[in-house]
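Trainee: A single structure is presented below for examination.
The values are calculated or read from the model by the stated rules, or taken from the named source; none is laboratory data. For clarity, every value in this text was computed on a predicted model and none was experimentally measured. Glycine also receives a Cβ, built like all others from the backbone with ideal geometry; neighbour counts cover every protein chain displayed.
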Amino acid sequence: MGALYLEALARYWEMTLAATREALAGDRPLAEALMLAYEAALSFYFSRKGSARGCFVIGTAVAEAVEDAEIRKSVAAGLRMLDADFETRLRTARERGELKHDADPAALAVLASATMHTIAIRARAGARLSELREIARKATSVICGCPVEAD
């Protein structure tokens with residue numbers, strides 16, 4: 001793939017990671033922070049009228065990573081950063097007593113990231129926004145260990 005694609009991929013990672021970090025930052029409750037992170041992702045996936053475009057990384061970069069080492073490196077680095085951002089927030093939540101003392105922030109971070117991936121894939125497959133919000137809500141309930149009410 002060309003330099004233009006790699007530049008677009010790097011920019012996409014910058015924008016999406018910044019949006020996720022903004023959602024996870026601050027003193028808001030964990031469930032609210034997670035739902036804000038998923039809403040931020042959904043705003044990228046549904047940013048145009050008509051069909052959802054989904055996630056640039058999941059929709060194109062993952063397929064291209066098989067044959068292109070630079071794309072593979074970018075995808076792997078971005079996924080590691082996403083996991084790390086979730087893990088940092090989950091560690092803070094455990095320290096604040098929002099999670100059980102024996103909760104595993106690294107394992108929960110993988111679940112939080114996997115939720116981001118599944119809503120991206122399902123958006124691309126035509127799932128309705130309301131369905132994707134419900135998936136995010138259910139995953140957030142599992143991660144937090146308590147019911148999260150729908151808005």
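Trainee: So which residues in the range 79-103 are surrounded by 15 or more Cβ atoms within 10 Å (Cβ to Cβ), within 15 Å of L30 (Cβ to Cβ) and of a type outside the set (V, I, T), if there are any at all?
Mentor: Scanning the range 79-103 gives D85, F86, E87, R89, L90, R91, A93, R94, E98, L99, A103.
Trainee: Output the residue which, of all residues in the range 37-51 that are closer than 18 Å to L17 by Cα and out of contact with any Ser or Thr (no Cβ under 9 Å at 6 or more places or on another chain), is surrounded by the most Cβ atoms within 10 Å (Cβ to Cβ).
Mentor: So the residue we want is Y45.
Trainee: Another one. Mind listing whichever residues of the range 1-30 are in contact with an Asp or Glu (Cβ under 8 Å, 6 or more places away or on another chain), surrounded by 18 or more Cβ atoms within 10 Å (Cβ to Cβ) and in contact (Cβ under 8 Å) with a residue 24 or more places away in the chain?
Mentor: T20, L24, L30
Trainee: So, one more: Looking at A127, A114, can you tell me which residue is in a helix (DSSP H, G or I), in contact with a helix residue (DSSP H, G or I) (Cβ under 9 Å, 6 or more places away or on another chain) and either small (G, A, S) or at pLDDT below 95 (or both)?
Mentor: On the way: A127 fails: in a helix (DSSP H, G or I).
After applying the criteria, what remains is A114.
Trainee: Another question, then. Go through the range 105-131 and report how many residues are surrounded by fewer than 15 Cβ atoms within 10 Å (Cβ to Cβ) and not aliphatic (A, V, I, L, M).
Mentor: 4
Conditions (1) at pLDDT 95 or above; (2) over 15 Å from the mean Cα position of the chain (by Cα), marked per residue:
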position: Y5; (1), (2): no, yes
position: Y12; (1), (2): no, no
position: L30; (1), (2): yes, no
position: E39; (1), (2): yes, no
position: I58; (1), (2): no, no
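Trainee: How many residues, within the range 46-79, are under 17 Å from E7 (Cα atoms), free of Cβ contacts under 8 Å to residues at least 12 places away in the same chain and assigned to a loop (DSSP other than H, G, I, E, B)?
Mentor: Adding up the residues that qualify gives 0.
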